[in-house]
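Written below as C-alpha cells is the structure these notes are about.
The values are calculated or read from the model by the stated rules, or taken from the named source; none is laboratory data. As the structure is a prediction and not an experimental result, all values here were calculated from the model. With ideal geometry, Cβ positions are generated from the backbone for all residues, glycine too; neighbour counts draw on all protein chains shown. The accessibility values were calculated without ligands, DNA or RNA, using every heavy atom of the protein model including side chains. Shrake-Rupley method; radii C 1.70, N 1.55, O 1.52, S 1.80 Å.
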Amino acid sequence: MSRGEKGSGSITKLPNGSFLVKIPHGKTGSDTTRYITKRALTMTEAKKVRGELIRERDSGKIVAGPRMTFKKFAENYLFEGNDHLDPRTLDWYFRMLTKHVFPVFGKKALRDIRSTEVQELLTSLRRKYSANTVNAIRSAMSAVFTAAENHELVANNPIRRTKKSKKQDWDPTTVCLPWTEEEVTQVIAGLAGRELRAPIMLLLSTGLRIGELLGLQWSDIDFDCFTVSVERTISHQPLLLRDGSKLSGLRVGPPKTKSSRRVVQLPSPMIDILRLHETEQELRAVAAGEKWNNTGFVFTSQVGTAIDVSNFRYKYRKFLEAIDVRYIRFHDIRHTFATVLIERDSGRLPAVSRALGHSSVSITMDCYASTARVENQATTLMAEVIFPGVELVEPVRIPPGIETAPIPLTDVHWRHASS
C-alpha cells in the first residue's frame, strides 16, 4: 500500500494486479470518513488518477456520497414536497422525462452523467422532434440537475454546457396564423344568436387563455366597473402519477404566473353580452331543476358543471365549419387579440402585454412581433419621409394558404398624390 500526505489518500494493489485509488472526501452522517475510489491498471496510472481526483475534490468538481440514480432523484424532486412549481409544469416535466430521458439515463447515477452524453441525446431527439419539444426536454432535465446541485449530489449542472435547439423552417408546429380583421368580422357576424357567442366574444375582447376563460366565475365580473378579474384556471388534462397511472378529473388552480392574475377592462357591449348570457344561464338552471349544479362558473354545461374543454373545442370547430372560417386553436384567438392591436398601433404594446398577463413587454414582443408586422409601421413612417408627396398604396391582402408568384419590377408603379 502506498500512502501520501494526510488527505491525499492511498493506493492499494489488489489481488488481480490492478490498483485501487482511495482519497478522503468529507464525513458521512455518522461522522465517519467518506472516500472516493477509482481503479487503475498500473501504479503510474494510479498515481496520475490520485492527483486528478485530489485536484477535482479541492476545486469542488467532484461529489462523494450516495450514488442516487437520475430517475429516483427526478421522481423525488417532482413528487415529494415540490411547492415552487405549478402542478401542470411538474406533470409536463415528468411526461417529458418518462418518455425521452428515463430510458437512457434513468438507471445511471446523477454524478456520472456528462454534458457530452446529454448533448448526444438532445441531438438524436432533434432528428425526430421540433426544437420546442427538445428544448422542453432540456428544461426538464435542467430543473432536476439544478435541484441535485443544490443538494450537493452533483458538482454542477451538466445541462448548462449543452446547446439549445434552434427552430428551423421545416419544424412541425400546431400554431396557426391568427385571424385577419376580416376573419374576425366574419366570426362575430356568425356568432349572432349562437350558444358560443359569449365565450368566443370574450376571448376576442380580452385575449384570455382558454383555462382562464373556463375558470371564470360570476364573482369575477364587475358589471358596474366593466371589468373581469382573472383569479383561477381550470384543466381537465389527467396527471401522470409516479407509478404510471393517471389521475383524471377537473383541476382548479391559480393562473399560470403571478402576472397572469390581473384585472381586464371590458367594453360596454361585452358587458351587455355577459348580462344576456347570465339571464340565459338562469333559465337553464330553472329548466334543469334539481339536476342543476350551482358552481358559480360563467360558462357551464347544461346542468351547471364546468365545461370540458374537449367538448367546447368540438362545438367551436363545428361552428367555424358552419360559417366557413378557417380553424385556429383557442390560443391562436389570444394571438389574434394581440396581433390585431399591435398591428394597428405598436404603441399599444405595453397595454397589450398587461392585458395578456405577460411579465414583461419583451415577452409580448417576442411572441407577436412577427405576426403583427410591427416592422411595417416603421417602414411606412420612413416612406413618408423619403417619398414626400407620394400616395402610399396599400398592398393587396393575400388570404392565408394562397401562394403567389413575385411581381415583376416592371409591373410596380408609383402613383403621385396629385395624379
Going through the range 213-230 in order, the residues found to be open to solvent by less than 50 Å² (accessible area, probe 1.4 Å) and either free of Cβ contacts under 8 Å to residues at least 24 places away in the same chain or under 17 Å from His331 (Cα atoms) (or both) are Leu213, Leu214, Gly215, Leu216, Val230
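Just checking: which of the helices (runs of 4 or more DSSP H) contained wholly in the range 290-358 hold 1 or more residues that are farther than 20 Å from Ala198 by Cα and in contact with a Lys or Arg (Cβ under 9 Å, 6 or more places away or on another chain)?
Details: elements: 309-323, 330-344, 349-356.
The helices (runs of 4 or more DSSP H) meeting that bar are 330-344, 349-356.
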What number of residues within the range 144-182 are open to solvent by less than 30 Å² (accessible area, probe 1.4 Å) and either touching a Lys or Arg at 6+ places or on another chain (Cβ under 8 Å) or modelled with pLDDT of 85 or more (or both)?
-> 12
Given (1) among the β-branched types (Val, Ile, Thr); (2) over 18 Å from His335 (Cα atoms); (3) open to solvent by 70 Å² or more (accessible area, probe 1.4 Å), index of the condition Thr233 fails = (3)
Can you tell me which residue in the range 130-140 is surrounded by the most Cβ atoms within 10 Å (Cβ to Cβ), limited to those that are assigned to a helix (DSSP H, G or I) and not hydrophobic (A, V, I, L, M, F, W, C)?
-> Arg138
Scan the range 113-129 residue by residue and report those that are hydroxyl-bearing (Ser, Thr, Tyr) and either open to solvent by less than 50 Å² (accessible area, probe 1.4 Å) or more than 24 Å from the chain's Cα centre (by Cα) (or both).
-> Ser115, Thr116, Ser124
Every listed condition ((1) open to solvent by 30 Å² or more (accessible area, probe 1.4 Å); (2) closer than 24 Å to Glu321 by Cα) holds for Gly244 save (2)
For Thr206, indicate whether it is in contact with a Leu (Cβ under 8 Å, 6 or more places away or on another chain) and not hydrophobic (A, V, I, L, M, F, W, C).
-> yes
Has the range 293-315 got at least one residue that is without any contact (Cβ under 8 Å) to a residue 60 or more places away in the chain, under 21 Å from Pro178 (Cα atoms) and open to solvent by 50 Å² or more (accessible area, probe 1.4 Å)?
-> yes
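Matching residues to (1) closer than 30 Å to Asp86 by Cα; (2) modelled with pLDDT of 95 or more; (3) assigned to a helix (DSSP H, G or I):
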site: Lys256; (1), (2), (3): yes, no, no
site: Val263; (1), (2), (3): yes, no, no
site: Ile271; (1), (2), (3): no, no, yes
site: Leu276; (1), (2), (3): no, yes, yes
With respect to Leu110, is the statement that it is surrounded by 19 or more Cβ atoms within 10 Å (Cβ to Cβ) and either within 21 Å of the chain's Cα centre (by Cα) or free of Cβ contacts under 8 Å to residues at least 24 places away in the same chain (or both) true?
-> no
Filtering the range 78-129 down to residues that are farther than 28 Å from Gln168 by Cα and assigned to a helix (DSSP H, G or I), which residue is modelled with the lowest pLDDT?
-> Pro87
